[in-house]
Amino acid sequence: ILQIQNEIYGVRPDLRPVEPEPTPDPELDQQQKLFVAALDPASVKKIDELLLSFAAHNWRKVAMLVGMAMSDPSHIKGVPDIFYAQRVRLLVENGSLESQGNLQAMRFSEVRYASQDT
């Protein structure tokens, strides 16, 4: 079916569905900023380790990774999903994960373990 769809879109690109524009994740509000600023380094490390524990070698939506980490019984209560998404961006920056898509919008980006061959 996908092959037929792609052939049709090749002939009639106007029939291809329009992808929604990614909406960037909101910023932390003042209360959330105060909460995460009070986290000690060990707690932040725990969040990073939890995120990495749910990462995979195949692509996984950032929103899914964040949701899995926040659903884990060992997660730190009260930490907002936006902070988890920010930590994912830092894990990409430090080379622990690689990404595709717009990391500013967790629903429109994916991550996986960084390739060892780069």
Per-pair calculated FRET efficiency, R0 = 25 Å: Asp40 and Leu90 via Cβ, rounded to 0.05: 0.90
Surface per residue (accessible, 1.4 Å probe) for the chain, Å²: 66
Inter-site label distance for Leu15 and Gln31 at 7 Å from Cα along Cβ, in nm: 5.1
Heavy-atom accessible surface of the chain: percent carbon and sulfur, 1.4 Å: 55
Fully extended contour minus Cα-Cα distance, from His75 to Leu2, at 0.36 nm per residue: 22.3 nm
Rel. contact order, % - alpha carbon contacts under 8 angstrom, at least six apart, the chain: 30
Listed values [x] 100; [y] 111; [z] 140, entry calculated as volume of the Cα convex hull per residue in Å³: [z]
Computed helical MRE - 222 nm, the chain, DSSP H runs ≥ 4 contributing -39500 (n - 2.57), nearest 500: -14000 deg cm²/dmol
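The values are calculated or read from the model by the stated rules, or taken from the named source; none is laboratory data. A quick note: this is a predicted structure, and the numbers were derived from the prediction, not measured. Positions of Cβ are generated from backbone atoms using ideal geometry, with glycine treated the same way; all protein chains shown enter the neighbour counts. For the accessible areas, the whole protein counts, side chains as well, though only heavy atoms, and no ligand, DNA or RNA atoms are used. Shrake-Rupley method; radii C 1.70, N 1.55, O 1.52, S 1.80 Å.
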